[in-house]
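Before any comments, here is the structure.
The values are calculated or read from the model by the stated rules, or taken from the named source; none is laboratory data. Treat the numbers as computed from the prediction; the structure is a model and nothing was measured. Cβ atoms come from the backbone with ideal geometry, glycine included; neighbour counts cover every protein chain shown. Surface areas here come from the heavy atoms of the whole protein model, side chains and all, with no ligands, DNA or RNA. Shrake-Rupley method; radii C 1.70, N 1.55, O 1.52, S 1.80 Å.
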Amino acid sequence: MNIERQKPRDEAIEKIENYIIQNHLKPGDRLPSERSMCDMWDFNRSTLRSAIKQLILEGKIYNKNGSGTYVSGEKLVRNLQDTDGFYQTVKRSGREITTKVVHMDFCETPKNIGRKMKLPLGHKLFRLVRIRYLDGIPVMISTAFLDAERFPGLEALDFESNSLYSLLKQHYNVEISGGHEKLSITYCDAQEAGYLEMEEGAPVIYQSGVTMDEQDVVFEYFKEITRSEYICYASELTRR
């Protein structure tokens with residue numbers, strides 16, 4: 001990679017970070033427009049946008065679709081080694097969580113999900129898509145696939161007022177023992193941007209994986225699109 005080509009972007013990142021410090025901007029404060037920042041520091045628009053995209057990826061600033069760029073606040077930290085779901089993590093932090101179900105239906109198991117859940121092709125799955133709000137701000141699109149034959153009647157449960165895992169425990173006696181997941185960076189499409197109130201193409205965290213019960217049977221495959229300016233992931237290491 002050509003280091004020289006990175007220098008203008010790195011300089012723009014430094015200028016933005018210094019501007020936030022020197023002007024005592026607080027979480028939620030708005031940065032100048034892209035045009036103003038380009039004029040202030042004599043950057044071209046592509047260089048500035050590359051710097052903004054990187055700072056959004058790092059969670060230091062965020063975009064409001066059609067409104068501008070803002071300084072990020074304190075992030076919610078999710079421990080990758082914790083079996084608690086998003087609902088429990090937010091409640092434990094003392095912050096507010098709300099949920100909106102945008103879609104739920106039944107579908108047949110496709111090959112990629114069937115392999116992960118150890119289910120045959122065509123097996124009946126329950127699909128649940130929710131938007132998760134942190135302190136009133138949409139921060140995550142969560143999609144869960146569950147074995148509809150193992151969990152009959154899922155469609156009648158209230159997934160907006162209760163966490164998915166608490167409902168599974170209450171109605172089906174399912175306890176979580178662990179799972180497997182992976183994280184990557186992706187860019188939101190038009191529908192995802194609309195749900196999360198972001199600009200199309202903005203960077204987001206993509207998380208996918210499976211969840212297992214106490215018998216190590218996979219009962220869920222999930223996908224999550226998360227706004228990195230509000231949530232970060234960490235893994236706690238312990239000395240043996």
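Here are a few things to note about the model shown:
- For LEU76, the amide hydrogen comes within under 5 Å of the amide hydrogens of ILE231, CYS232, counting only partners 5 or more places away or on other chains and with H modelled in the peptide plane.
- Accessible area (Å², per residue) of the chain, counting only protein heavy atoms and a probe of 1.4 Å: 56
- Phi to ³J(HN,Hα) by Karplus 6.51 cos²θ - 1.76 cosθ + 1.60 over the range 205-221, Hz, x for Gly, Pro: 8, 10, 10, 9, x, 10, 10, 10, 8, 5, 8, 6, 9, 5, 10, 8, 10
- In this calculation the C-beta distance from ALA190 to ARG95 is compared with R0 = 25 Å, giving a FRET efficiency of 0.30.
- Using θ = phi - 60° in the Karplus curve 6.51 cos²θ - 1.76 cosθ + 1.60, the 3J(HN,Hα) couplings for the range 109-120 round to 5, x, 4, 5, 6, x, 5, 6, 8, 6, 10, x Hz; x is entered for Gly and Pro.
- 3J(HN,Hα) from dihedral phi, the range 20-29, Karplus parametrisation 6.51/-1.76/1.60, rounded to Hz, x for glycine, proline: 4, 5, 5, 9, 6, 6, 9, x, x, 6
- Computed from the Kirkwood radius of its Cα pairs, the Stokes-Einstein diffusion coefficient for the chain at 37 °C and 0.692 mPa s stands at 166 µm²/s.
- Residues whose amide H lies under 5 Å from that of ILE61, counting only those 5 or more places away or on a different chain, are ILE56, SER72; hydrogens are built 1.01 Å from N in the peptide plane.
- Between helix 45-57 and the chain: long-axis angle, C-alpha atoms, 0 to 90°, nearest 10: 40
- By the equivalent-ellipsoid construction on the alpha carbon gyration tensor, the range 1-74 comes out with semi-axes of 20, 13, 12 Å, ordered largest to smallest.
- Surface composition of the chain: carbon plus sulfur atoms hold 46% of the accessible area, using a 1.4 angstrom probe and ignoring ligands, DNA and RNA.
- Dipole magnitude of the chain about its Cα centre (Cβ charges: Lys, Arg +1; Asp, Glu -1), debye to nearest 20: 340
- Size descriptor, Kirkwood hydrodynamic radius, that averages inverse alpha-carbon separations across the range 95-152, Å: 12.5
- Accessible surface of LYS75, taken over heavy atoms with a 1.4 Å probe and every protein chain present, rounds to 50 Å².
- Sparse-neighbourhood loop sites, GluC sites (Glu not before Pro) in the range 42-104 - DSSP loop, at most 10 other Cβ within 10 angstrom: GLU74
- Listed residue (ASN63, SER161, TYR87) projecting farthest to the positive dipole end of the chain, Cβ model: ASN63
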